[in-house]
1. Go through segment B:149-186 and report how many residues are touching a residue at least 40 places away in the same chain (Cβ under 8 Å), closer than 18 Å to residue A:156 by Cβ and either outside any helix (DSSP H, G or I) or more than 12 Å from chain A (Cβ to nearest Cβ) (or both).
2. Among the residues of segment A:19-40, write down those that are more than 27 Å from residue A:178 (Cα to Cα), within 11 Å of ligand 1 (Cβ to nearest atom) and surrounded by 17 or more Cβ atoms within 10 Å (Cβ to Cβ).
3. So how many residues does segment A:46-64 have that are within 11 Å of another protein chain (Cβ to nearest Cβ) and outside any loop (DSSP other than H, G, I, E, B)?
4. Among the residues of segment B:72-90, which ones are touching a helix residue (DSSP H, G or I) at 6+ places or on another chain (Cβ under 8 Å) and free of Cβ contacts under 8 Å to residues at least 24 places away in the same chain?
5. Restricting to helices (runs of 4 or more DSSP H) lying wholly in segment B:27-134: which have 1 or more residues that are in contact with a Cys (Cβ under 9 Å, 6 or more places away or on another chain) and surrounded by 14 or more Cβ atoms within 10 Å (Cβ to Cβ)?
6. Being closer than 16 Å to residue B:193 by Cβ and more than 9 Å from chain B (Cβ to nearest Cβ) narrows it down to one residue among A:96, A:90; which is it?
7. If residue A:50 satisfies every condition in (1) closer than 26 Å to residue A:231 by Cβ; (2) buried (at least 16 other Cβ atoms within 10 Å of the Cβ) but one, which is the exception?
8. Tally time: how many residues in segment A:185-223 are of a type outside the set (Asp, Glu) and part of a helix (DSSP H, G or I)?
Amino acid sequence: MADIKLTDLTKSYGPTEVLHHIEGDINDGEFIVIVGPSGCGKSTLLRMVAGLETVSSGEIQIGGKRVNELEPSARDIAMVFQNYALYPHMSVRENMAYGLKIRKLSKAEINRRVEEAADILEIREYLDRKPRQLSGGQRQRVAMGRAIVRDPQVFLFDEPLSNLDAKLRVQMRLEIRKLQQRLGVTSIYVTHDQVEAMTLGDRLMVLNGGYVEQFGTPIELYDRPASVFVAGFIGSPAMNFVPATSDNGVATLPNDAQVSTSLGGHSGSVLIGLRPEHLIPDDAGAISIDVEMVEQLGANTLLHGTLSGTDHAMVASVAGHVTADGDSQHRFRIAPDLVHLFDLQTEKRLAI
Amino acid sequence: MVENRPLANFITHLVLVLGVIAIALPIWITFVAATHDEIRMAQAPLPLWPGNQLWINLKQTLFGTGLSGTETAPVWLMLFNSLSMALMISLGKIAISLLSAFAIVYFKFPFRMTCFWMIFITLMLPVEVRILPTFEVVANLGMLNSYWGLSIPLIASATATFMFRQVFLTVPDEMLESARIDGAGPMRFFWDILLPLSRTNIAALFVILFIFGWNQYLWPLLITTDTSMTTIVMSIKQMLEAAEQSPQWNIIMTTALLAMIPPIFVVISMQKLFVQGLTETDK
Ligand SMILES: Nc1ncnc2c1ncn2[C@@H]1O[C@H](COP(=O)(O)OP(=O)(O)O)[C@@H](O)[C@H]1O
Ligand SMILES: [Mg+2]
């Protein structure tokens, strides 16, 4: 078990820098999810922690020890790959035992560990099969088993569920979470799926274009997104953004509607963010939407349209069933402390 | 194709049957000739059905001293020489190509691509082209009339290196990364992961190279002067020329028959792996 410390970490391929000054402290036993769109550098960061990519500058510490120069096998980590990377010519048992065999553990100890892991993952009956004789979900379990038997200080996962079908993905997600809590091993998990990130992580590191946008708990990210990017990335359906002028706790929308905010003492142009689920139907509300399309989801209803009098797209999520025909106007209110304000230029959150 | 067109069917079958006859008839004639005695083989017309002399011919060919009037090594020794040469060439080629492909694919060293292209260019230099300088080198190294001399100059192989390079490139990177995390060093990865994954390709290549080695003619002819180093393919040619009197077809054909057996054995015993090795693509 160990904490991980990333200090001013950068990664360049030739002249192109793909990760910029990453900082992050990961506590012992924590489950960290690195999330971001494809190509933002998530895998690269994870692979640097694993020792599969060199560090261009900065430092990685695991358990208080600098590991920049250590081989992957010397870092006491285990990794689960997206395509599982099981050795095709070895049985499940041999796959799991391979690393232990190299570390010259005794036969008895190897067997004990393999069988213990097989029991945890319920793959005991497949131990003598070859990977190609297993389904995707079973291979996924074997890949996890191979990580568990090593009894490492850190688990690293690179999009381990993205090759599974939707239902299995949800099930395995829960199992990974339970397993991690049970074993208490510090884990870093990479995904591009924000739902997966929100449900799995103790804390999320949101990456965008090689920069850390925000590093915090799922609730912090949802309640107080540090930037327009995070605000738009976390939450589904995505947050609505409308330019506005803010003046001491009141924001004026492009259609002159006025919304009160909790940001006193500030004036100037801003971008305000309104989550669809925070818009509450109210005939006297300030925000009016020309609804163009209605999406019935059962538990709630999504109203798609534009901010009345403008062409800014807006979505509202309303509890229960709402029958509305296209081309109708709906009014909403929003609590002042749920209005997010961002600087128009830097796209960073304005203090509160 | 599931269409049923009688004429097309007839033609395809005709072509197949003709093909089989073209290949099988000479073999049949060889076999028949190996079962008659010398006198019968000297008369026309040639027999088309087996006689009863196979056993005697085999004994005389394998353990005798060759054709009457010449002093050559017994054929069992030639078979052994050919087998040694073919095995040394095929196993040597496989070992060297595996290692060089491994170096080229998995190690970053200066002039890596230069090395690759240099190996590749040797494709244009088969032994026939460089036969004189190669002979010179082998002679200076004192390897004339030895198994080393027979096999070493034929061992370097660009084709096999290139093939293994392609095979290794299909192995996902994660396999190496996984092995690195498991603590396997480069040679361990090579032995434990890469070799088993290339098993079928190695088998396919072995079949091809074994036959290549077995059929070598020019090089052994050049490099061996001692009759005890004669290979079987050489000896068949020599037998045809050697006899002052009419050729002893029964002995020559028995030798030819014996020369066919090891390649056939290799092909048949490795057939399954051979086909897999040439067709299977995923690792
Ligand atoms: N070996 C490499 N050489 C050059 N650029 C690379 C290499 N690996 C990754 N990159 C670049 O680094 C960026 C981040 O890649 P990656 O970490 O794989 O993204 P993610 O996993 O978030 O989708 C991408 O823009 C990619 O093109
Ligand atoms: Mg990735």
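Throughout, read-outs are computed from the coordinates displayed, never taken from laboratory work. Everything numeric in this text was worked out from a predicted model, so none of it was measured. For neighbour counting, all protein chains shown are included, and Cβ atoms are generated from backbone atoms with ideal geometry for every residue, glycine included.
1. Final tally of qualifying residues: 1.
2. A:19, A:40
3. First, pick out the residues of segment A:46-64 that are within 11 Å of another protein chain (Cβ to nearest Cβ): A:47, A:50-53.
Now restrict to residues that are outside any loop (DSSP other than H, G, I, E, B): A:47, A:50.
Within segment A:46-64, residues that are within 11 Å of another protein chain (Cβ to nearest Cβ) and outside any loop (DSSP other than H, G, I, E, B) number 2.
4. Step one: list which residues in segment B:72-90 are touching a helix residue (DSSP H, G or I) at 6+ places or on another chain (Cβ under 8 Å), which gives B:72-79, B:81-90.
Listed by number, the residues that qualify are B:74, B:76.
5. On the way: elements: B:38-42, B:54-63, B:75-106, B:112-121.
Of the helices (runs of 4 or more DSSP H) lying wholly inside segment B:27-134, those with at least 1 residues that are in contact with a Cys (Cβ under 9 Å, 6 or more places away or on another chain) and surrounded by 14 or more Cβ atoms within 10 Å (Cβ to Cβ) span B:75-106.
6. Working: A:90 fails: more than 9 Å from chain B (Cβ to nearest Cβ).
Only one candidate passes the filter, namely A:96.
7. For residue A:50, the exception is condition (1).
8. Going residue by residue through segment A:185-223, those that are of a type outside the set (Asp, Glu) are A:185-192, A:194-195, A:197-201, A:203-212, A:214-219, A:221-222.
This time we only want the ones that are part of a helix (DSSP H, G or I), so: A:194-195, A:197-200, A:218-219, A:221-222.
Count: 10.
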